[in-house]
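Colleague: Before I ask anything, here is the structure I am working with.
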Amino acid sequence: MIVGIDLGTTNSLIGTLEKGRPKLFKGEDGSPLIPSIIEFHETEGTRVGILAKKAQTENISRTIYSAKRFMGRGLSDVTQWIKLLPFDFSHSTEQLIRFTVGSKSYTPMEIGSLVLKKLKTLAEKETGQIVDKAVITVPAYFNDAQRQATKFAGELAGLEVVRIVNEPTAACLAYGLQKKTFGNIAVFDLGGGTFDISILRVADGVFEVLATNGNTALGGDDLDHAIAEKIAEKILSATGIDPLLEKSSQAILIHEAEKLKRQLSESEMVTWTWADSPSITFNITRTEIENWIRPIVERAKEPCLQCLKDANLKPNQITDAILVGGSTRVPLVKKLVQELFLREPIATINPDEVVAIGAAVQANILNGQISGMLLLDVIPLSLGIETMGGVVGKIIHRNSTIPISASETYSTYVDGQVSVDIHVVQGERELVKDNRSLSRFQLKGLPPLPAGIPKIEVEFIVDANGILNVKATELRTATCASVCVNPSYGLTDTEVEKMLFDSFENAEADFEDRFLIESKIEADSLIRATQKALLTGQALVDSNETLQIEKSLMKLQEASSGKDRKLIKAHIDELTENTKHMAELLLNQAVREALKGKNLGDTP
Ligand code: AMP
């Protein structure tokens with residue numbers, strides 16, 4: 001049996017398919033939502049899930065939750081959450097985060113593995129079978145380090161992670177169960193703290209992710225804060241007391257706002273009482289809170305439009321819109337999805353369970369129990385290597401379907417070079433400095449040949465889990481070096497978004513920078529080649545021609561120290577033209593040298 005697991009920030013779920021129908025395993029309280037919370041009790045051992053939930057308020061210093069936010073990240077990536085969460089972190093110099101509990105410390109992977117172990121035990125108890133293989137879902141925006149960390153957490157829990165699947169993709173698969181359709185599906189996932197949008201194409205049971213986008217700082221929590229602020233204003237104007245001044249009443253207010261939000265998802269009006277002294281009662285309507293939360297809900301619009309653009313689709317080409325995440329129960333959110341994709345969204349599967357059900361579907365596809373369905377996922381950011389002048393040579397482009405492999409051939413720049421540094425980068429910008437550095441490694445032992453002669457093939461292989469392997473080979477000598485790109489800390493989701501945003505904003509300027517650098521490299525290489533050629537070529541041409549060549553050479557040298565790309569290009573063309581005759585003579589001479597001592601009959 002391969003199980004499907006939704007390893008969530010707040011809750012996790014585990015499930016399988018029984019006679020083709022989804023089955024989620026339940027926790028001690030009868031719910032399939034297992035809180036992703038661990039309590040390290042002083043004397044009574046470790047508690048996980050609903051048993052640890054109470055400890056969140058009662059044994060604060062020994063209880064860890066929201067560990068998913070820290071998966072595959074370094075301390076510098078998460079400073080904003082460290083302030084908000086009541087845990088102690090070990091501030092070592094290493095990039096890996098550790099939560100401190102008493103005299104011990106745990107990595108986010110270890111915390112994740114304890115949650116996964118709990119899920120595994122629940123499934124084993126209910127089925128009476130050993131569960132040792134799983135499909136685990138991750139947010140579409142998880143980068144390589146975060147996927148690796150999730151996989152590692154699974155292995156620590158004694159689970160072979162047979163596939164990592166993007167959460168929105170899994171949701172789509174869950175619906176694919178009932179509805180094998182042809183079309184383009186938008187998966188709109190708004191949870192407590194994050195928003196993800198994915199567009200997939202479905203044809204004959206094959207799912208292909210066309211594009212993904214999102215906002216990692218948008219979710220139900222933001223709606224709660226907006227509602228809390230407005231009810232605080234009401235309380236202030238009715239009682240003259242500002243409840244936001246007191247930390248304790250602030251927390252109550254946010255809790256009340258969340259309750260109110262849920263009630264108004266079902267009803268048109270709620271009578272609400274602020275129980276503090278003096279107590280006060282209001283009638284609050286759905287229309288009223290919709291006006292309060294509209295600016296926040298509308299922040300989901302831009303990522304959806306960008307995703308449509310990336311998928312190369314118009315809204316009327318979307319055939320289904322699927323809702324995932326608790327916050328899609330808000331009627332205003334449903335209305336927004338309807339407006340964006342011009343159709344009523346589907347939410348017939350519980351939005352809290354749909355991802356886990358999709359993971360179970362994928363598990364059954366992998367173990368061969370479902371046939372005729374295939375999942376094709378994509379990578380969220382382009383991957384490439386640093387080339388001359390700090391320019392990025394993209395090898396695999398953003399939104400490419402995985403698994404994928406691609407290669408490019410490069411050469412050396414200096415005569416006799418015996419090693420090359422390979423710098424792997426991730427991002428959309430043209431220059432290395434604006435992208436994220438993933439890894440560096442060296443290809444050593446190259447034969448000392450003239451510049452440009454070695455053929456170095458750099459191959460990128462992204463597996464079905466979105467994990468990158470890079471291999472560099474010198475093709476003439478078969479010298480080889482490779483790395484599994486496993487950065488010690490990852491890219492924050494905000495960085496991923498910022499990098500995408502910056503690449504759109506700066507596209508034109510980036511290209512100018514890139515062209516300038518490329519022109520300078522071309523000029524530099526032409527100047528060197530001409531200087532070398534003049535050493536012997538000078539004797540073959542008259543002094544006038546040599547003078548012309550030297551003049552153009554100087555003009556190019558001067559231009560290439562400046563920033564005018566067009567001027568550099570013009571002088572490259574001029575020097576190329578002026579050296580054409582000498583180059584021909586040199587070539588003839590080389591051919592004559594090569595043929596010396598041979599009969600014409602020997603030549604092929
Ligand atoms: P998730 O991260 O998918 O579990 O979603 C949690 C978010 O969904 C929280 O912000 C909840 O307040 C919100 N949520 C759950 N049920 C409802 C509901 N009926 N109406 C509005 N929001 C809800």
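The values are calculated or read from the model by the stated rules, or taken from the named source; none is laboratory data. Only a predicted model underlies this, so the values are computations on that prediction, with no experimental measurement involved. Here the Cβ is made from the backbone with ideal geometry for all residues, glycine too, and neighbour counts use every protein chain on show. Surface accessibility is based on the protein's heavy atoms, side chains included, excluding ligands, DNA and RNA. Shrake-Rupley method; radii C 1.70, N 1.55, O 1.52, S 1.80 Å.
Colleague: Give me the dipole magnitude in Debye, nearest 20, for the stretch 383-491 about the Cα centre, with unit charges on the beta carbon: positive for Lys and Arg, negative for Asp and Glu.
Modeller: Numbers: 10 positive and 11 negative charges, 23 e Å.
I would put it at about 100 debye.
Colleague: Which distance in nm do the two modelled labels at Ser277 and Phe89 give, with both placed 7 Å along the Cα-to-Cβ direction?
Modeller: A separation of 4.1 nm, rounded to one decimal place.
Colleague: So what is the relative contact order for the chain, in percent, with contacts set as C-alpha pairs under 8 Å and at least six apart?
Modeller: On the way: 1170 pairs, mean separation 74.9, N = 604.
Rounded, it is 12 percent for the chain.
Colleague: Follow-up question, since we're still on this one. Answer rounded, prolate or oblate for the chain, using the Cα gyration tensor with square roots of eigenvalues a ≥ b ≥ c: rounded when a/c is under 1.5, else prolate when a/b is larger than b/c, else oblate. Before the final figure, lay out the partial values.
Modeller: Working: a/c = 2.34, a/b = 1.99, b/c = 1.18.
Prolate is the answer for the chain, as a/c is 1.5 or above and a/b outweighs b/c.
Colleague: How many percent of the accessible area of the stretch 133-258 is carbon or sulfur, using a 1.4 Å probe? Could the numbers behind the result be given before it?
Modeller: Details: 2270 of 4290 Å².
C and S fraction of accessible area: 53 percent.
Colleague: For Ser61 and Asp524 in one chain, what is 0.36 nm times their gap in residues minus the Cα-Cα distance, to one decimal in nm?
Modeller: Details: separation 463, 0.36 × 463 = 166.68 nm, distance 6.15 nm.
The span from Ser61 to Asp524 would gain 160.5 nm if fully extended.
Colleague: Over the stretch 507-595, calculate the relative contact order: mean separation of alpha carbon pairs under 8 Å at least 6 apart, over the residue count, as a percent. Kindly include the intermediate steps, with their values, before the conclusion.
Modeller: Numbers: 52 pairs, mean separation 33.3, N = 89.
In percent, rounded to a whole number, it is 37.
Colleague: Residue-wise, which Karplus ³J(HN,Hα) couplings in Hz belong to the stretch 345-356, taking 6.51 cos²θ - 1.76 cosθ + 1.60, θ = phi - 60°, and x for glycine or proline?
Modeller: Along the stretch 345-356, the couplings run x, 9, 9, 6, 9, 3, x, 7, 9, 4, 5, 5 Hz.
Colleague: Tell me the per residue accessible area of the chain using a 1.4 Å probe; a whole number in Å² is fine.
Modeller: Values: 28360 Å² over 604 residues.
That works out to 47 Å² per residue.
Colleague: How large, in Å, is the stretch 220-297 by the Kirkwood hydrodynamic radius built from its alpha-carbon pairs?
Modeller: Working: mean 1/r = 0.0800 Å⁻¹.
For the stretch 220-297, the Kirkwood estimate is 12.5 Å.
Colleague: With all protein chains present, calculate the accessible area of Val187 using a 1.4 Å probe and round the result to the nearest 10 Å².
Modeller: Solvent-accessible area, nearest 10 Å²: 0 Å².
Colleague: Moving on. What is the stretch 121-207's relative contact order, in percent, from Cα pairs under 8 angstrom and six or more apart in sequence?
Modeller: Details: 105 pairs, mean separation 20.8, N = 87.
Answer for the stretch 121-207 is 24 percent.
Colleague: Using a 1.4 Å probe on the protein heavy atoms only, what accessible surface does Met1 show? Give it in Å² to the nearest 10.
Modeller: It works out to around 70 Å².
Colleague: State which entries of Lys26/Lys259; Lys53/Lys301; Lys234/Lys335 exceed 29 angstrom in Cα-Cα distance in the structure shown. Mind dumping the intermediate values first?
Modeller: Details: Lys26/Lys259 25 Å; Lys53/Lys301 35 Å; Lys234/Lys335 27 Å.
Where the Cα-Cα span goes over 29 Å, the pairs concerned are Lys53/Lys301.
Colleague: Next up: Let's see if you can work this out: charge +1 on each Lys and Arg Cβ, -1 on each Asp and Glu Cβ, no other charges. What is the dipole magnitude of the stretch 220-297 about its Cα centre, in debye to the nearest 20? Don't skip to the answer; put the middle values down first.
Modeller: On the way: 8 positive and 14 negative charges, 22 e Å.
The calculation lands at about 100 debye.
Colleague: Within the stretch 224-248, what residues put their amide N at less than 18 Å from the label point 7 Å along the Cα-to-Cβ vector of Lys335?
Modeller: The answer is 224, 226-227.
Colleague: How big is D, in µm² s⁻¹, for the stretch 333-448 by Stokes-Einstein at 10 °C and 1.306 mPa s if Rh is the Kirkwood radius over C-alpha pairs? All intermediate terms of the calculation are to be shown ahead of the outcome.
Modeller: Values: Rh = 18.5 Å.
Estimated diffusion coefficient is 86 µm²/s.
Colleague: If you don't mind, there's one more thing I want to ask. If I take R0 = 25 Å and measure r between the Cβ atoms of Ala406 and Glu512 in this structure, what FRET efficiency does the formula 1/(1 + (r/R0)^6) give, to the nearest 0.05?
Modeller: On the way: r = 27 Å, r/R0 = 1.06.
My answer for the efficiency is 0.40.
Colleague: Between Thr285, Thr239, His255, whose Cα lies farthest towards the positive end of the dipole of the stretch 220-297 when Lys and Arg beta carbons carry +1 and Asp and Glu beta carbons carry -1, centred on the Cα centre?
Modeller: Checked the options; the winner is Thr285.
Colleague: With each pseudo-label sitting 7 Å past Cα toward Cβ, what's the Thr348-Lys455 distance in nm, one decimal?
Modeller: 5.6 nm
Colleague: Now, a different point. Just check the stretch 507-595 against the gyration tensor rule for me: Cα atoms, a ≥ b ≥ c as the square roots of the eigenvalues, rounded for a/c under 1.5, and otherwise prolate or oblate depending on whether a/b exceeds b/c. Walk me through the numbers before you get to the answer.
Modeller: Values: a/c = 3.31, a/b = 2.08, b/c = 1.59.
Prolate, because a/c is 1.5 or more and a/b exceeds b/c.
Colleague: If one puts a single equal scatterer on every Cα of the stretch 1-94 and applies the Debye formula without solvent, what log₁₀ I(q)/I(0) results at q = 0.22 Å⁻¹?
Modeller: -1.13
Colleague: Now for a different question. Counting each DSSP H run of 4 or more residues in the chain as -39500 (n - 2.57), what helix-only mean residue ellipticity at 222 nm follows after dividing by all residues, to the nearest 500 deg cm²/dmol?
Modeller: Working: 16 runs with 238 residues, N = 604.
Calculated at 222 nm, the ellipticity per residue is -13000 deg cm²/dmol.
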